[in-house]
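J.: Just dropping this structure here.
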Amino acid sequence: MMNEKILETERLLLEKASINDSKFFFELLNSPNWIEHIGDRGIKSETHAITYIKKSLLTSYSSKGYGLYKVSLKNTQAPIGICGFVKREYLKNPDIGFAILPDYEGKGYMTEIAIATLAYGKSNLGIHPIYAITTAENSRSCMLLTKIGLSEIGKIQPPDSKIKFLLFSNE
């Protein structure tokens, strides 16, 4: 089953995830940076990963018309991360989110795909402004958000959270 392509850059593909991506999502959602900065989602098997893909990603594609997409290397089709949009109850507009497997960090992949995804969100989805949230401790995420043209506009504390997040916007 082919994944539906959203966009491509010089080195990367952005595609809708499918249940065939369960092995990759199991690995990503259990990677150290995901656990530290995004949180443990309780994905303890590929079966759990399939449930996550169905409930979180596929549901978002069908109900909102967007979501978090799989990022793959164009030359090998190897999945390396995710990038896309999440609509949170406590934010007026969707926010851009991303994550990458540790082996692919520091190669400019997330900058490349996040810039393209931001442009896609503005032009194809009509999202404006586009937000992003991260913790102050996640310096790599903060640097990436600044690099792709977002600015910190304040702090926000989600209703179900004990911590405040930095809020970024492209406005």
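The values are calculated or read from the model by the stated rules, or taken from the named source; none is laboratory data. What you see is a predicted model; the values in this text were computed from it and never measured. Note that we place each Cβ from the backbone using ideal geometry, even for glycine, and neighbour counts take in every protein chain shown. Areas reflect the complete protein model, heavy atoms only, side chains present, ligands, DNA and RNA absent. Shrake-Rupley method; radii C 1.70, N 1.55, O 1.52, S 1.80 Å.
J.: Can you grab the distance from the C-alpha centre of the stretch 69-114 to the C-alpha centre of the stretch 1-28, Å, no decimals?
T.: Each part's Cα centre sits 10 Å from the other's.
J.: Please compute, for the alpha-carbon atoms of the stretch 61-171, the extent along each of the three principal axes and give them in descending order in Å.
T.: For the stretch 61-171, the Cα spread along each principal axis is 41, 32, 25 Å.
J.: Taking R0 as 30 Å, what FRET efficiency do you get between Met143 and Lys23 from their Cβ-Cβ distance, rounded to the nearest 0.05? Each step should come with its number before you reach the end.
T.: On the way: r = 30 Å, r/R0 = 0.99.
It comes out at approximately 0.50.
J.: Moving on. On average, how much accessible surface per residue is there in the chain, in Å², for a 1.4 Å probe, leaving out ligands, DNA and RNA?
T.: Values: 8940 Å² over 171 residues.
Averaged over the residues of the chain, the accessible area is 52 Å².
J.: Taking every pair of Cα atoms in the stretch 3-124, average 1/r, invert it to obtain the Kirkwood radius, and report Rg/Rh to two decimals.
T.: Using only Cα positions, Rg/Rh for the stretch 3-124 is 0.93.
J.: Computed over the Cα atoms of the stretch 80-121, what is the convex hull's projected area averaged over all directions, in nm²?
T.: 3.2
J.: Subtracting the Cα-Cα distance from 0.36 nm times the residue separation, let me have the gained length for Ser63 to Ile35 in nm, one decimal.
T.: 7.4 nm
J.: Can I ask one more? Charges on Cβ only, +1 for Lys and Arg, -1 for Asp and Glu, centred on the Cα centroid of the chain; of Tyr69, Thr111, Thr9, which one is farthest towards the dipole's positive end?
T.: Tyr69
J.: For the stretch 5-136, give the percent of accessible area contributed by carbon and sulfur heavy atoms, probe 1.4 Å, rounded to a whole number.
T.: Working: 3080 of 6120 Å².
C and S fraction of accessible area: 50 percent.
J.: Got a sec? Which residues in the stretch 1-38 would a label at Lys107 touch, if it sits 7 Å along Cα→Cβ and we count backbone N under 13 Å?
T.: Residues passing the 13 Å test: 11-13.
J.: Another question, then. Please list the non-local residues whose amide H lies under 5 Å from the amide H of Ile153, H modeled 1.01 Å from N, same-chain partners needing a gap of 5 or more.
T.: Leu167, Phe168, Ser169
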